[in-house]
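First the structure, in the form of structure tokens, and then the observations on it.
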Amino acid sequence: MITEKTTPPVTAFMLIKTTPEWLAMTPQERFDAFTTQVVPAIKAKTTGVRSRFYDTEFYSTRVTDIWVRVADDHDAYQLLIDVLRETPFWDRYFTVVDLLVGTENGYARTSGLDAVTTITT
């Protein structure tokens, strides 16, 4: 049984689709646009958020990429979304198809039980 009470991190799966404007750029132009227009805003205005990026366009036509964001808390996650909406990332370079947000093993945590669904083999 869990004995330590902690605030679980917020995990968000951001399902996105590239836009024609993004695809019209060369790979180097995309890299430059992202590192000069999006990353500085995230770094300047947010803390407590980690990101991982997954390409899915070779498996899906509806969603071309998935960003997994893990935020220390709901405030950090909300601030990240607010910041992204103020950059060309949001609706110019990418369309946000869906946001799936949750906490890992939330049901077990709120029930005071050890998680049995997190499995490593």
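The table below lists the values:
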item	result
From the C-alpha gyration tensor of region 31-76, square roots of 5λ in Å	23, 16, 7
Per-pair calculated FRET efficiency, R0 = 35 Å: Arg62 and Asp32 via Cβ, rounded to 0.05	0.80
Cβ-defined net charge surrounding Thr19, 11 Å radius [Lys, Arg +1; Asp, Glu -1]	0
Calculated FRET efficiency for the pair Asp114/Leu23, C-beta based, R₀ 35 Å, to 0.05	0.15
Candidates Ala76, Ala12, Ala33: whichever shows maximal mean-square fluctuation once the chain is modelled as a Gaussian network with Cα springs under 10 Å	Ala33
Radius ratio Rg over Rh of the chain, counting only Cα atoms, Kirkwood formula for Rh	1.05
Environment charge of Gly48, counting only residues whose C-beta is closer than 9 Å and scoring Lys/Arg +1, Asp/Glu -1	-2
Charge context of Thr103, other residues only, Cβ under 11 angstrom, K/R +1, D/E -1	-1
Length released on extending from Asp55 to Asp73, taking residue separation times 0.36 nm less the Cα-Cα span	3.9 nm
Region 54-121, accessible surface, carbon-and-sulfur percent (1.4 angstrom probe)	52 percent
Helix-derived mean residue ellipticity, 222 nm - over the chain, DSSP H n ≥ 4, -39500 (n - 2.57), to 500	-8000 deg cm²/dmol
Heavy-atom accessible area per residue - the chain, 1.4 Å, Å²	67 Å²
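The values are calculated or read from the model by the stated rules, or taken from the named source; none is laboratory data. These figures come from a predicted structure and were not determined experimentally. Please note: Cβ atoms are built from the backbone with ideal geometry, for glycine as well, and neighbour counts cover all protein chains shown. Only protein heavy atoms, including side chains, enter the accessible area calculation; ligands, DNA and RNA are left aside. Shrake-Rupley method; radii C 1.70, N 1.55, O 1.52, S 1.80 Å.
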